[in-house]
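Okay, so here's the structure we're looking at.
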Amino acid sequence: MRLLLFLLLISFQISAQTIDTTFVENNITQVLKLKGKGKYKEAFTKVSQLENIVQKKAESYFLKGRTIFTKGRVEIDLGKYDDAIKSSKKAIEFYKKSNNTLEEASAINLIGVAYYFKGNLDSTLLHYNKAYQLKKVNKADNEQLAITSYNIAIVYEDLGRFNEAIDLYKTSGEYLLKSKNTAFLPDTYLGISNTYSLKRDFDNAEIYVEKALNLAIQKYGENSPDITFFYISYASHLKRKKEYKKALQFIEKCKNIREKTYGKNHHWTCEAYLKLGELFFLEKEYNKAEEHLEKSIEIGKKTKKNLYQAATKLLLAEVHQKLNKVSEKSISIVKESMQIYKKVYGNKHEEIAETYLTLSKVTNNLQFVDSVFQSSNYSPKNLNSLLAPFQVLEALVFKSKKLGEKGNFDAQFNLIDQKLALIRHIRSGFSSEKSRLLFGKEIKEIVAEDLETCWVLFSKTNNKKYSDKAFELFEFNRNAILLSGVKRNKLKTKIPEDFIQKNKVLIEERNKIRLNLYFEETADTPSIKKLQELYDSRTQVYEKIAALEYEIYKKYPSYKKAIRFPKITTINEAQKVLKQTQQIISYFVSDDYIFGFSITNSNFSFQKIGEVSTIKKLTKNLQKGISNRLPIDAFSKELHKFLLTPFKDKKEELIIIKDAVLNTIPFEVLKDKNNQYVIKNHTISYAGSINLLLEQLDKKDDKFTNNWIGFSPNYSGNLQLKNIHKEVKSIGKLMSGNIYINEEASKENFKLYGQNSSIIHLAMHTEINSEIPEFSNLKFNDASLPVSEIYNTSINSQLAVLSACETGFGKIEKGEGVINLSRAFFYAGVPSTIMSLWKVPDKETAQIMTSFYTYLKDGNAKSKALQLAKKEYINTVKDTELLHPFYWAGFVLNGNQTAIVENTSYTFWIFSLVIILVIFLLFKKNLLQFFK
């Protein structure tokens, strides 16, 4: 719920400035001041006294209407909605007699407000639209039009007509910007944010809520009752980020302000207690949640705020379930909510579906699941008319669990495709990457449960249809956003260059704004003015990007389909691209178990490997052992037993697809039963998913300006890396490449020359931002290169070697793996990277890297070259302490593992043609005589 702008600005132009007029206007001004301070009872007493005087002594119908209309506004604040309707109707009669059509429209609008708070949305919309048309016809000023369009947008938002709501909120904002008074502009931004949030478009929701809050603080201050609506929306933003404690602080402050200004028995105070209950529920503090929800219901009864009561009772019933105290009362309060919602929304609406879903969970049976489907207008064959997709998905998950509890696994299996189709449908509606990322996290648990079903049926029957479906689930939600980015880069030739350039410029502008915002928000004393300028700029650039993307997708639907709806590879398709010596081993980590898939060109294996808790402990101990140079053999062997031993007859070339906690360890250091590191007998490379790997293997053989280019900046003091110049010079000589060291190792030179080299080698420091990975940097000599810039660059290279500290380190996101520097290069078009998992000493780095390039130049596959380089280091190092995996296992290969294609640059061919021409001229006579 949000603040309704029913506080209409009434024209103060009075034709004759009589004593009566001055007296009335002065008194109304005092009433409005009391109202603004939240002193509603005092305001009501004063306006009632004024009404008695005006009705007896004033001759002006306008002043009579003006007074009683003001009284109606105060009655709204006091929750006296029926009285407000009566007052507004009287005001309309007086306004009609005085021929004040615009004031009449304002009174009609106020009736709509009263009906809104009574929960009668049909009557609300009827009165709002009537007022809007009257204002348009009578050429009301922009501010009046802004207020009414805003109020209609609120109703559309409540009715689930989100796109119409957003359009009208934006229209309201446009009216305000045209007027001289932008007083409630923050409220329009808040409405846009709330609606985007309901659409699960969290990027745009975040943009507008931050913008709204910053403006509102400037307008209202931090302790005004008006600011509380912004606190609630910002708390919802924090809730999505799972920052529940911080969100609680905002809502607690909101409650205190509202109790002080509106009183303890007011509908806005009722809302504050509901929001506190929601957050305590998410924090799993169920007793506190119950306490606050019961308080909300108590206030709701006094204020007759039925919609708040309905929402509160639904959540309270779920709290009872969590506390194992479900009773007839729990079921009864859910049914009471149902009656309230049906009266407001009818039989088919998102809230009705939510109520039936709650009944299903509270009663713990399938009795009401079909009602969820019916109230959502759900048909598996036609999802376009679906009203409540998230509730239907949750209902399908609930139904699946109940079937599983009964041992009905076949019926459970039959629901999988319905869920996957619905997830695709929901995901297709997300315009932002952040929304897709958050949704990907949410659905991983669903995928995990379906995998368990497939495993149960496969282990019983060995039927391939169950393993095929399990494989689809493995790939379904894995690195989907990265895959989309890689495909976007490859397919950009399908759309005109001017679109590409426009998009590139806008993305660069967006990244710059986001970076400046980050620095301003994290400053010791952020400038509110500067923040607002940045928020405004961010909104504008996001809207331009969205408009351009919409235009591209509309004109090139095949491009949209390829990017947004990529086809999932089957087991058979994966087997066809594998060589006799290759094997893919893919892992899926659920909350409880780890599943594994092994695929060769002639066989496959599906395994349930072990408990996550055990493997988490082992990986943590292995990490700790590596970073502290401690013995790791025990952990290494145990992990090998869990992760690799279940897959028999392992091939020479292993391609590992890791998940969750497994992303933090190099499989090269695992030891088999013969006490041998995996690296001894196997090459190891890594991939984000099989679909992604196939895209990276499909990289075209391009023309390059040079084979190799290396960068090693100059650092001083504690940042100094003594061996990087030697490393780059040595490898540059070996590869006949271009070397940029010291001042020449600049960001500018990288952008000029680095993007069309077959291999890019970066020996430098990185600055890692673990919370916001896109703000991590590569430290060139003259400037830093943010990861966000790499994402927006096209790099025509076969391999990027990130010989820098912790380039493989990053934030692990469910479904998307590690968000790190390597990922940025994949986005930019590079099909393979070598990166470090920890801070590798630069001396050992130089040795291993030089060996790697030696073997790579001999024609070995990248994975083979890295294996041979590591084995050479192990076999030649004399200091036993330096044999620890800390020194040699940090660098890993991701993506395309094949050999580097020799440079086919135009320079080479031109040079060859020149040589041939010289030979021809030198031996021209002999050649002509020979041919004669």
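The values are calculated or read from the model by the stated rules, or taken from the named source; none is laboratory data. No experiment lies behind these values; they were computed from the predicted model shown. Cβ atoms come from the backbone with ideal geometry, glycine included; neighbour counts cover every protein chain shown. Ligands, DNA and RNA are excluded from the accessible area calculation, which covers all protein heavy atoms including side chains. Shrake-Rupley method; radii C 1.70, N 1.55, O 1.52, S 1.80 Å.
Annotations for the structure displayed:
- Computed helical MRE - 222 nm, the chain, DSSP H runs ≥ 4 contributing -39500 (n - 2.57), nearest 500: -20000 deg cm²/dmol
- Solvent-accessible area per residue for the stretch 658-801 (1.4 angstrom probe, square angstrom): 39
- Solvent-accessible surface ranking, highest first, for V486, V326 at 1.4 angstrom: V326, V486
- Residues of type aspartates and glutamates that K492 reaches as a straight line, Cα spacing below 18 Å, ignoring anything fewer than 8 places off in the same chain: E508, E549, E551, E695, D698, D701, D702, E789
- Counting only alpha carbon atoms, the long axis of helix 842-857 and the longest principal axis of the chain meet at about 70°.
- Accessible area of the stretch 166-284 divided out per residue, in Å², using a probe of 1.4 angstrom: 37
- Candidate aspartates and glutamates for bridging to K46, where Cα separation is under 16 Å - those fewer than 8 sequence places away on the same chain excluded: E25, E75, D77
- Rounded to whole Hz, the Karplus (6.51, -1.76, 1.60) HN-Hα couplings of the stretch 186-192, x for glycine and proline: x, 5, 5, 5, 5, x, 4
- Extension gain, N875 back to K722 (0.36 nm per residue minus Cα-Cα distance, nm): 52.6 nm
- Pairs beyond 20 Å (Cα-Cα), from K490/K567; K242/K658; K35/K71: K242/K658
- DSSP beta bridges confined to the chain are antiparallel in about 55 percent of cases.
- Acute angle (nearest 10 degrees) that the helix 350-363 long axis makes with the longest principal axis of the chain, alpha-carbon atoms: 80
- Solvent exposure, largest accessible area first (probe 1.4 Å, DNA, RNA and ligands not counted), of K492, K444, K329: K329, K492, K444
- Per residue value of the accessible surface for the stretch 437-564 (all protein chains in place, 1.4 Å probe), Å²: 50
- Given their separation in residues at 0.36 nm each and the Cα-Cα distance between them, Q540 and E243 gain 104.2 nm when the chain is fully extended.
- Across K870, K560, the residue with the most accessible area heads the list, and the full order at a 1.4 Å probe is K560, K870.
- Relative to the longest principal axis of the Cα atoms of the chain, the long axis of helix 306-322 lies at roughly 50 degrees.
- Taking all protein chains together and rolling a 1.4 Å probe, T581 ends up with roughly 50 Å² accessible.
- Burial ranking of peptide ranges 42-48, 495-501 (average Cβ count within 10 Å, highest at the top): 42-48, 495-501
- Solvent exposure of M735, expressed as accessible area, is near 20 Å², computed with a probe of 1.4 Å over the protein chains only.
- With 0.36 nm allotted per residue and the present C-alpha distance subtracted, the N516-E283 stretch has 80.6 nm of extension available.
- J(HN,Hα) series, the stretch 196-201, from Karplus relation 6.51 cos²θ - 1.76 cosθ + 1.60, nearest Hz, glycine and proline x: 4, 4, 5, 7, 6, 9
- For the stretch 81-147: rounded, prolate or oblate by the Cα gyration tensor [a/c cutoff 1.5]: oblate
- T600 accessible area, 1.4 Å probe, all protein chains in place, Å² to nearest 10: 10
- Under 5 Å, built H, 5+ apart or other chain: amide partners of G610: I594
- When Cα Rg over 2.2 N^0.38 Å is calculated for this entry, the matching label among (i) 1.13; (ii) 1.71; (iii) 1.40 is (i).
- In order along the stretch 158-171, the Karplus-derived 3J(HN,Hα) couplings, from 6.51 cos²θ - 1.76 cosθ + 1.60 at θ = phi - 60°, round to 5, 7, x, 8, 5, 5, 5, 5, 4, 4, 6, 4, 5, 4 Hz, and Gly and Pro are given as x.
- Highest mean first, the peptides 373-386, 134-147 sorted by other C-beta atoms within 10 Å per residue fall in the order 134-147, 373-386.
- Sorting the segments 674-680, 357-363, 210-216 by their mean number of nearby beta carbons within 10 angstrom, highest to lowest, gives 210-216, 357-363, 674-680.
- Surface share of carbon and sulfur [accessible, 1.4 angstrom probe, percent] for the stretch 437-564: 53
- Taking a point 7 Å out from the Cα of I495 in the direction of its Cβ, the residues of the stretch 472-489 whose backbone N falls within less than 11 Å of it are 488-489.
- Theoretical FRET efficiency, 1/(1+(r/R0)^6), r = Cβ-Cβ of K325 and K37, R0 51 Å, to 0.05: 0.75
- Taking other residues whose beta carbon is less than 11 angstrom from the beta carbon of G710, and scoring Lys, Arg as +1 and Asp, Glu as -1, yields 0.
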